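These notes concern the structure reproduced below.
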Amino acid sequence: PGKIVEIKGKIGVVDYFGEQKNVLMDFAKAKVGDYVYAQGGLVVNTISEREALEILEAWKDMFFALKKADEKLSVIEDIPASQKLLAILQKVNLGKPFVKEELLSLLRTSNKDELRLFYENANNVRQKTHGNACCVHGILEFSNVCEQNCFYCGIRKGKRLKHYRMSSGEIIGAARYAAEELGFKALVLQSGEDSWYTAEILAPVVEAIRAMGVLVFLSIGSREKELYKSLYEAGARAALLRFETSNEKIFESVRPGTTLKGRLELIEYLKKLGYVLATGFIVGLPNEREEDVVNNILLTKSLKPEMYSFGPFIPAAGTPLVKHALVDKNLLLKVIAIARLADQDSNILVTTALETLDKRAKREGMLAGANSLMINITPRRYKKLYCIYDNRADNNIAIKKGIKETIDLLHSLGRAPTDLGVHIAR
Ligand code: 5AD
Ligand code: SF4
């Protein structure tokens, strides 16, 4: 928790051990001097001073030790590199914006030393803009029914699959366990595009989870605008909706019956409603060129999201793309590092798909500029049925084990699971 030290209109200033972050007060009735939890830059809960001081006392030494470790891991070593790369990286210090050609050139980096220098620069920017704060959300996959037929996805309509739909009671129960027993302050509710879940069903679920002092994050696909509006009114405050690819032709070839224009319009609408936005793309779709990857990063930036979410394409059994090639892990690390350099104060997620590509990639991604993670809290019997791609990294990991692994990783990197605040200029 942090302490509110100032309120200017809708914006509050929260102090975490002397470090101050801006938050949106939203609907929490907090005043100066109150102790609060914030997530996604929104105050989600207030707690008593006694409870807050107890937690802060337990955290104090650890907090400063972690900060020190992070600073140590964020130095840029003296690594030999070409003049061309050095000139591009130098732009960061000069505060100059990148042109597309430079981002393409970064994407083509292949020399081992140069890659190291590039990632270290991105990690250094991450450390300077965010300190050691790392955003950790829980994700609950509540239905694997989907009415869309995306070529890449393992829960597409056209695939024979054992389906499940969690009832309202089951969703609320799983969320309560995550919030009360495991301490999550933000939960992503994810599903296929499943119209069985109407506003009448979902709004009370959102209300109940919001009442637990949790940020409700929706990831329910291209559903109706009215549904998103009702769920905002019910208390949902964040939405994850990737545009998937900035290339219209690729979009239409892998998402039959839908358009990029329509997807982007919905993303803009969600922002207009006031949702904290997470968006991004898949890397490695068929016919994708290097330029498309850079365009994907630039389109994400232009949408001004609070969080970047992108991951590698991973083949899924029983889909038209099952034989399409896997992407190289370094390509993904480069995309993380480019996104960090091109949009310095962004929040960048390391996704499960990247971890699935390579067990070490979660750590490497966090050292190449990423600063956010998600932990799957879906009940095990359902998780294995939510097979958007094969061999998911977290498939056989119990929730508590997943948490322990993540905490161990964060500690080894000197990161702390605290809120990242909001950027007022956005
Ligand atoms: N590989 C990687 N990502 C995938 N998604 C769906 N199928 C795959 C796949 N085979 C991603 C989409 C979607 C998110 C929830 O999962 O980008 O937005
Ligand atoms: Fe459905 Fe999303 Fe999979 Fe497409 S990517 S089939 S919309 S769950």
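The numbers here are math on the coordinates, done by the rules we state, and not lab data. Everything numeric here is computed off the predicted structure, so don't read it as measured data. In this analysis, Cβ positions are derived from the backbone assuming ideal geometry, glycine residues included, and neighbour counts consider all displayed protein chains.
In the neighborhood of ASN93, defined by Cβ-to-Cβ distances under 14 Å, what is the net charge if each Lys or Arg adds +1 and each Asp or Glu adds -1? Provide the component values of the computation, followed by the final result.
Numbers: positive: LYS91, LYS96, LYS128; negative: GLU120.
Value of the local net charge: +2.
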The long-range amide H neighbours of ASN376, using H built 1.01 Å from N in the peptide plane and a cut-off of under 5 Å, are ILE139
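Helix-only mean residue ellipticity at 222 nm, the chain, DSSP H runs n ≥ 4 weighted -39,500 (n - 2.57), per residue, nearest 500. What is it? Could the numbers behind the result be given before it?
Values: 15 runs with 173 residues, N = 426.
For the chain, the value works out to -12500 deg cm²/dmol.
With a ≥ b ≥ c the root eigenvalues of the C-alpha gyration tensor of segment 356-426, is it rounded (a/c under 1.5), prolate (a/b larger than b/c) or oblate? Walk me through the numbers on the way to the answer.
Numbers: a/c = 1.82, a/b = 1.63, b/c = 1.11.
Note, shape of segment 356-426 comes out prolate.
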Going through LYS3/LYS67; LYS157/LYS323; LYS3/LYS301; LYS225/LYS272; LYS84/LYS301; LYS249/LYS323 one by one, the pairs whose alpha carbons sit over 22 Å apart turn out to be LYS3/LYS301; LYS84/LYS301
Long-range amide H partners of GLU193, meaning residues 5 or more apart or on another chain whose placed amide H is closer than 5 Å, are GLU147, GLN148
Other residues with Cβ under 14 Å from the Cβ of GLU207 give, with Lys and Arg +1 and Asp and Glu -1, a net charge of +1
Along segment 56-66, Karplus-curve 3J(HN,Hα) (6.51, -1.76, 1.60; θ = phi - 60°) to the nearest Hz, with x for Gly and Pro, reads 5, 4, 5, 8, 3, 5, 4, 4, 6, 5, 5
Long-range amide H partners of ALA133, meaning residues 5 or more apart or on another chain whose placed amide H is closer than 5 Å, are ALA416
Under the Karplus relation with 6.51, -1.76 and 1.60 and θ = phi - 60°, whole-Hz ³J(HN,Hα) for segment 33-46, x at Gly and Pro, equal x, 6, 9, 9, 9, 10, 8, x, x, 10, 5, 10, 6, 10
Exposed-loop cut sites defined as chymotrypsin sites (Phe, Trp or Tyr not before Pro) in DSSP loop states with at most 12 other Cβ within 10 angstrom; longest site-free run of the chain spans 197-426
Ranked by GNM mean-square fluctuation in the chain (Cα springs under 10 Å), the top entry among ASN123, ASN371, ASN295 is ASN295
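If you take every residue apart from SER48 with its C-beta less than 15 Å away from the C-beta of SER48, what net charge results, scoring Lys and Arg +1 and Asp and Glu -1? Numbers along the way, then the final one.
Values: positive: LYS3, LYS29, LYS31, ARG50; negative: ASP34, GLU49, GLU51, GLU54, GLU57.
Once positives and negatives cancel, what remains is -1.
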In terms of the alpha carbon gyration tensor, root eigenvalues a ≥ b ≥ c, rounded if a/c is under 1.5 and otherwise prolate when a/b exceeds b/c or oblate, segment 1-68 is prolate
In whole Hz, the Karplus estimates of ³J(HN,Hα) for segment 300-310 (6.51, -1.76, 1.60; θ = phi - 60°; x where Gly or Pro) are 4, 4, 5, 7, 6, x, 7, 8, 8, 10, 9
